[in-house]
Amino acid sequence: NSGVVSLLRPLLLDVVPSVRQTAALGLGRLADYNVDLAEAVVKAGILPQLVCSLPEENRYYKKTAAFVLRAIAKHSPQLAQAVVQCGALETLVICLEDFDPGVKEGACWAFDYIARHNPELSQAVVDAGAVPLLVLCIQEPEIALKRIAASTLSDISKHSPELAQTVVDAGAIAHLAQMIPNPDAKLKRQVLSALSQIAKHSVDLAELVVEAEIFPVVLTCLKDSDEYVKKNGATLIREIAKHSPELSQLIVNSGGVAAVIDCIGSCRGTVRLPGIMMLGYVAAHSENLSMAVIVSKGIPLLCACLIEEHEDHIKAAAAWALGQIGRHTAEHARHVAAANVLPTLLDIFVDTRSSEDLKMKASIFAKKALKNILQKCTHLPALEPLLHDAPPSIMKHIIGQFSKVLPHDSKARRLFVTTGGLKKVQEIKAEPGSLLQEYINAINNCYPEEIVR
């Protein structure tokens, strides 16, 4: 408000280098503070002035100038675009080639804040020729430089398969994979994130990541003391597993399912989410892969997530994963039902205290999971309690299962009467001629008329 930005601008051209540098630092700190101040710095015409003199300046000024560019670019795609339009990318590429690690690091930060916004800005970073230099930066000895270079490659890769391919073509995967065992937790986070962002787009890209021999070493990350390393490790495995049965089988063969289940059991909250999703993806691919999740004791843990977690989206993911496990055959459904999962899913589906968002997310997935499991379920002890609580939209599926099982199982028919199941069926009002009425008739036909009456 006091007009400081316009007072600092001429100082960027001062004859004394330390004055130029300190003026730039002041502008950077103002721009870093909030979006309005960043816009004020751009409107004052600072950027062209800052950029044009940069190649001739000393390393201290270069670091500070890169900080100003990053401070402006971080706030919005529009401000990042202003940085691109003033020709900053070409100058930042020169900084990436500097001998000083601090100058390289500053340039990486600026590129990262530009690339993360959208595919167009990421493409501008690629077109400026930054990617091969970023791959060189992850090979430098300085740990801080490695971290931010890996983060930048991650943010470039995340937007599209084409951008991820550019990173792959520059040879990034092999160098990133070599750093998975690095003891530095912050570096590991970024490395795992970058590999995830590459692998997520397609089977081909996921296979390239796997070919860099990330298994079994990536499984050690699931036992890491750093929660973000755990989460990013599980995310990487999830992004590989989702693409194909073959990739999921490779994960199973390397002990990945058991390792992810241990990881979910050792943490709480959102750290669990990628692991939960991974189990669902693996189970969805085939009967055998779903059985691998069952054998590794995945069901009790997913049920625990349904009960223990309070976040809607985690409950929803656990419900979805259980639905994927139980939908294949009667045997799969029996394993899910025997773990007493169905009443818990039903509770989520009918819980009136749930937030609107929970009703939208978790209840939809709970309903879908119930349907998936019920379509195959012949485990009558687990179905019986649902008869007394289920809403009409689920009741049809439950009655349908009883109508399939009771005609062929005398012990089940006896139990069905003594537990009050048959009585409950008589209370259900079904439309004449409807599928539900057909199911009820099929059940009633299993018994003598006087018992039904």
Conditions (1) more than 24 Å from Leu47 (Cα to Cα); (2) open to solvent by 30 Å² or more (accessible area, probe 1.4 Å); (3) in contact with a Leu (Cβ under 6 Å, 6 or more places away or on another chain) -> Ala172 fails only (2)
Of (1) touching an Asp or Glu at 6+ places or on another chain (Cβ under 8 Å); (2) not in a helix (DSSP H, G or I), Ala318 satisfies every one except (2)
Can you confirm whether segment 190-203 contains a residue that is over 18 Å from the mean Cα position of the chain (by Cα) and more than 22 Å from Ala284 (Cβ to Cβ)?
no
Kindly evaluate Ala338 against the criterion of being more than 18 Å from Ala304 (Cα to Cα), open to solvent by 10 Å² or more (accessible area, probe 1.4 Å) and either polar (S, T, N, Q) or modelled with pLDDT under 85 (or both).
no
The lone condition Ala241 fails out of (1) more than 25 Å from Thr152 (Cβ to Cβ); (2) open to solvent by 10 Å² or more (accessible area, probe 1.4 Å) is (2)
Of Asp32, Asp36, Asp112, the only residue that is in contact (Cβ under 8 Å) with a residue 24 or more places away in the chain, part of a helix (DSSP H, G or I) and more than 22 Å from Val131 (Cα to Cα) is Asp32
Is it the case that segment 351-364 has a residue that's open to solvent by less than 60 Å² (accessible area, probe 1.4 Å) and modelled with pLDDT of 80 or more? no
* Asked: Condition test on Pro183, is it under 20 Å from the mean Cα position of the chain (by Cα) and open to solvent by 30 Å² or more (accessible area, probe 1.4 Å)?
  -> no
Checked pairs for segment 87-104, first without any contact (Cβ under 8 Å) to a residue 40 or more places away in the chain, second surrounded by fewer than 24 Cβ atoms within 10 Å (Cβ to Cβ) and not small (Gly, Ala, Ser), C-beta under 7 Å and 6 or more apart or across chains, list as Gly87/Val51; Glu97/Leu133; Asp98/Arg59
Next item on the list: State whether one or more residues within segment 207-226 are open to solvent by 40 Å² or more (accessible area, probe 1.4 Å) and in contact with a Lys or Arg (Cβ under 7 Å, 6 or more places away or on another chain).
Entry: no
Would it be correct to say that Ser122 is under 17 Å from Leu236 (Cα atoms) and in contact (Cβ under 8 Å) with a residue 40 or more places away in the chain? no
| request: Taking Cys221 as the residue in question, decide whether it is assigned to a loop (DSSP other than H, G, I, E, B) and either more than 24 Å from Pro161 (Cα to Cα) or at pLDDT 95 or above (or both). | output: no
All conditions in (1) without any contact (Cβ under 8 Å) to a residue 24 or more places away in the chain; (2) surrounded by 24 or more Cβ atoms within 10 Å (Cβ to Cβ); (3) not acidic (Asp, Glu) are true of Asn253 except (2)
By residue number, the members of segment 360-378 that are part of a helix (DSSP H, G or I) and either in contact (Cβ under 8 Å) with a residue 40 or more places away in the chain or of a type in the set (Lys, Arg) (or both) are Ala362, Ile364, Phe365, Ala366, Lys367, Lys368, Ala369, Leu370, Lys371, Asn372, Ile373, Leu374
Tell me, yes or no, whether segment 26-48 has at least one residue that is in contact with an Asp or Glu (Cβ under 9 Å, 6 or more places away or on another chain), under 14 Å from Lys62 (Cα atoms) and at pLDDT 90 or above.
no
Residue count, segment 264-295, condition open to solvent by 10 Å² or more (accessible area, probe 1.4 Å), out of contact with any Asp or Glu (no Cβ under 8 Å at 6 or more places or on another chain) and over 16 Å from Ala241 (Cα atoms), comes to 4
Across (1) under 23 Å from Lys231 (Cβ atoms); (2) modelled with pLDDT under 90; (3) among the charged types (D, E, K, R), Lys368 clears everything bar (1)
If we keep only residues of segment 417-440 that are among the hydrophobic types (A, V, I, L, M, F, W, C) and at pLDDT below 85, then the residue nearest to Arg453 (Cα to Cα) is Ile428
Here, helices (runs of 4 or more DSSP H) confined to segment 121-186 with at least 2 residues that are more than 19 Å from Asp204 (Cβ to Cβ) and charged (D, E, K, R) are 143-157
Within segment 302-313, the residues that are surrounded by fewer than 22 Cβ atoms within 10 Å (Cβ to Cβ) and not charged (D, E, K, R) are Cys303, Ala304, Ile307, His310, His313
Return yes or no: is Pro381 assigned to a helix (DSSP H, G or I) and open to solvent by 80 Å² or more (accessible area, probe 1.4 Å)? yes
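The values are calculated or read from the model by the stated rules, or taken from the named source; none is laboratory data. Just so it is clear, the model here is predicted, and its values are computed rather than measured. Note that we place each Cβ from the backbone using ideal geometry, even for glycine, and neighbour counts take in every protein chain shown. Each accessible area value is taken on the protein alone, full model and side chains, heavy atoms only, with ligands, DNA and RNA left out. Shrake-Rupley method; radii C 1.70, N 1.55, O 1.52, S 1.80 Å.
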